[in-house]
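Worksheet: the structure to be examined is printed underneath.
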Amino acid sequence: MTNTIFDFVGDTVGDWKVSSMTTIKGNSLASVSHLTKVPKEELVQTETGIWTLKGIVSHLRYTEKEDKEKLVAVQQDLGRANSTLAAFIPIRKSEAWWNLAQDERRKIMENKSRHTQTGMKYLPAIARKLFHSRDIGEPFDFLTWFEYAPADADAFEELLDALRKAEEWNYVEREVDIRLVKTV
Ligand code: HEM
């Protein structure tokens, strides 16, 4: 189970310096100046920092074989030396979303909102990782993490703008957008 559970610790010190914190929808998070992503081995409730958000690396829910192969072929890992910028965006979706059947959710994400198709255009520039939080009783359903070089910062904004305008985002009821600069 090593490196499948992560704590995202917001505090006054840490590996990433917060350059901005914007509440896009719903309740905000207490403001912090730094964030650290800490791999854990157990799902224990630990309270460190000003706040801690927990997420687990899980299996794919909606991605079909062809897209999975395309993603694996082009996406790059986190931790690239020139990826000095990151975005940490915790998201919660509404009860209306979770009440839909799996195939209805997939239709909204992929057929109507083209989430993967849109995202794919920004690979390999943007490295990404999705953490699941809903099933472990956390305040957010997903913790999303992106890393990129300063030269790709405009492309990242363009991607976010496109996703937020799509139908899928009508189901987002809480979203906090935290931007980071590497300090280590
Ligand atoms: C960088 C390009 C991106 C690509 C290639 C991409 C691709 C994907 C894929 C394939 C999934 C489905 C995973 C599954 O099958 O379970 C997914 C889920 C998700 N992505 Fe992205 N994505 C990108 C960017 C973003 C951005 C910028 C956001 C905004 C914060 C975002 C938020 C999410 C969320 C919240 C989910 C989970 C949705 C759910 O299960 O309801 N993604 N992404």
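Only the coordinates and a few stated rules stand behind these numbers; no lab work does. Because the structure is predicted, anything quoted here is derived from the model rather than measured. Virtual Cβ from ideal backbone geometry, glycine too; neighbours counted across all protein chains shown.
Points worth noting:
- Burial ranking of peptide ranges 84-96, 42-54 (average Cβ count within 10 Å, highest at the top): 84-96, 42-54
- The ranking of H115, H59 by Cβ neighbour count inside 10 Å, starting from the fewest, reads H59, H115.
- Cα gyration tensor category, rounded, prolate or oblate, for region 30-101 with a/c compared to 1.5: oblate
- Per-residue [θ]222 nm for the chain (sum of -39500 (n - 2.57) over DSSP H runs n ≥ 4, rounded to 500): -5500 deg cm²/dmol
- Descending Cα extents along the principal axes, the chain, whole Å: 42, 36, 33
- Too-long pairs where the Cα-Cα distance tops 18 Å, listed order kept, from K93/K165; K17/K37; K54/K121; K65/K165; K68/K129: K54/K121; K65/K165
- In this structure, A81 and N170 have a Cβ-Cβ separation that, at R0 = 41 Å, corresponds to a calculated FRET efficiency of about 0.60.
- A full extension of the chain between Q102 and V44 corresponds to an added length of 18.0 nm, given 0.36 nm per residue minus the alpha carbon distance.
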